[in-house]
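For reference, the structure is listed below as structure tokens.
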């Protein structure tokens, strides 16, 4: 934890790293929410809001691995439909935080190689690979259907593998943070 | 802000708590208005499996073990694809211009009304429970089969989706007994429902252009399902457009099939009419009937006739014992066998010994 606290202090004194990592992480979080289908772009004629009457039950109803039901929908003209899925919102916040820390460490390793001894390649992998996994898990069904003729018998195996992409990506993001923090050499 | 860095712990803990509490059998809300979605007592109970004492004796079913051994996960939890348990309908006149003319609809003709189910909605729900009629309309997008089943006799029940598949086909479950039933096979696989064959009611695929005029008094299922889905997007492709990725038209099947050696009689996704009569199975090519208007054939000892109904561009099948000079109109009161449209690969995977009329 002391390494983490030191890194937070370091980031406070290097606001440009904080700003860049925060911007990208939030953008990533929004893209995750879009790819999960909770933000949809289609023609909307008038503002409308819809709610479920039993939100506590619906909110914890899982529709697919790491995808929960939405409890409200907001149709915003001209072409936004936003769905409120509380558990996935929490998951999005967690992913934003983990990606933010990974990116902060990555940028630090690139800009201050003496401070963070991660090699550039390792740093890139730690930050990007888990992010790709999370994004891919949401568009996986489309990919399988597109290439079902080529994938053949491997398709069903892929369906099972995709179910684990989000927990794997969270684990890899945490590992990336731990690895990044242990290679930090900050002295405050 | 001093302890801001600890905030990430909150969503993490909440997610795992909620994931742990997530119930595959959580009650679902079903009816919605413009502003709110209401829930009736019935919906509160839906999704909960209440094992009932079953007034049905199990009978030997030699295929049960083979089918149970070939269950594959579809990648979603039980009831993750939520059935529609309180369908809300609109009059045809009220939605007359709301659909593409080529949009596919499932037509169910019951005594009180004709019900029209948009494929674009059922692709997200797969089952509509019509409790008041004691039937469930079931649809499996991966095998292109829409079959209406009567609930097992004497059971106060509904059907749900298990999240699993056999031969890429929907594996339903009966909510009163928690017994699994393959959609195409339509026979109970476990416990007291072992060997119980569900009765079917003919259900047809037709274009909106035809059904909206032929069934002008019909009732159309609305998108007030109680769940938020993008009903303008079919996750598997499209029946109205040729372009882009399209499971319905491309080669290949996602999940393993029981009979690995596929038949080249038709291409995989070619639609046949599957007919069951006792232990006999027959795949009838609908194009043949459309060319001939009336086609006589036999399945086992049963004489049947298939007639082309040009009003909605479908083929209807009836038992027929009389002379072979009949019209569709004269057949409408005849009894119907168990038949439905289905993609060839799936029919063949379930019934490799099927007869075929090309």
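For the condition farther than 30 Å from residue A:160 by Cβ, part of a loop (DSSP other than H, G, I, E, B) and in contact with a strand residue (DSSP E or B) (Cβ under 9 Å, 6 or more places away or on another chain), residue B:223 qualifies. Contact map, the range B:332-358: first residue closer than 24 Å to residue B:150 by Cα, second residue at pLDDT 95 or above and surrounded by fewer than 15 Cβ atoms within 10 Å (Cβ to Cβ), Cβ cut-off under 9 Å, separation 6 or more or different chains; pairs are B:338/B:199.
For every residue, the table says whether it meets (1) part of a strand (DSSP E or B); (2) modelled with pLDDT of 95 or more; (3) on the phi > 0 side of the Ramachandran plot.
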{"position": "B:106", "(1), (2), (3)": "yes, yes, no"}
{"position": "B:112", "(1), (2), (3)": "no, no, no"}
{"position": "B:115", "(1), (2), (3)": "yes, yes, no"}
{"position": "B:123", "(1), (2), (3)": "no, yes, no"}
{"position": "B:129", "(1), (2), (3)": "yes, yes, no"}
{"position": "B:138", "(1), (2), (3)": "yes, yes, no"}
{"position": "B:147", "(1), (2), (3)": "yes, yes, no"}
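Scanning the range B:208-216 for residues that are at pLDDT 95 or above, closer than 24 Å to residue B:79 by Cβ and more than 14 Å from chain A (Cβ to nearest Cβ) turns up nothing. Among the conditions (1) surrounded by 24 or more Cβ atoms within 10 Å (Cβ to Cβ); (2) at pLDDT below 95, the only one that residue B:175 does not satisfy is (2).
Every residue, every condition in (1) on the phi < 0 side of the Ramachandran plot; (2) part of a strand (DSSP E or B); (3) surrounded by 19 or more Cβ atoms within 10 Å (Cβ to Cβ), yes or no:
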{"position": "A:37", "(1), (2), (3)": "no, no, yes"}
{"position": "A:42", "(1), (2), (3)": "yes, no, no"}
{"position": "A:46", "(1), (2), (3)": "yes, no, no"}
{"position": "A:57", "(1), (2), (3)": "yes, no, yes"}
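Check whether at least one residue in the range B:273-284 is at pLDDT below 95 and crowded, with 16+ Cβ neighbours inside 10 Å, and report yes or no. Checking the range B:273-284: not a single residue is at pLDDT below 95 and crowded, with 16+ Cβ neighbours inside 10 Å. Considering the range B:73-103 alone, what residues qualify as being surrounded by 18 or more Cβ atoms within 10 Å (Cβ to Cβ), within 14 Å of another protein chain (Cβ to nearest Cβ) and over 19 Å from residue A:70 (Cβ atoms)? Answer for the range B:73-103, where residues must be surrounded by 18 or more Cβ atoms within 10 Å (Cβ to Cβ), within 14 Å of another protein chain (Cβ to nearest Cβ) and over 19 Å from residue A:70 (Cβ atoms): B:74, B:75, B:78. Against the criterion of being at pLDDT 95 or above and surrounded by fewer than 21 Cβ atoms within 10 Å (Cβ to Cβ), residue B:182 does not qualify.
When restricted to residues that are modelled with pLDDT of 90 or more and either part of a loop (DSSP other than H, G, I, E, B) or touching a strand residue (DSSP E or B) at 6+ places or on another chain (Cβ under 8 Å) (or both), the range A:9-33 contains 2.
Hey, among the residues in the range B:320-343 that are at pLDDT below 95 and in contact with a strand residue (DSSP E or B) (Cβ under 7 Å, 6 or more places away or on another chain), which one's surrounded by the fewest Cβ atoms within 10 Å (Cβ to Cβ)? Here the answer is B:335.
Filtering the range A:41-61 to residues that are in contact with a helix residue (DSSP H, G or I) (Cβ under 8 Å, 6 or more places away or on another chain) and facing chain B (nearest Cβ under 7 Å) leaves A:52, A:54, A:60. Restricting attention to the range B:220-247, the residues being out of contact with any helix residue (DSSP H, G or I) (no Cβ under 9 Å at 6 or more places or on another chain) and more than 10 Å from chain A (Cβ to nearest Cβ) number 5.
The values are calculated or read from the model by the stated rules, or taken from the named source; none is laboratory data. Since we're looking at a predicted model, the values are computed, not measured. Neighbour counts are summed over all protein chains in view; Cβ atoms, including those assigned to glycine, are modelled from backbone coordinates with ideal geometry.
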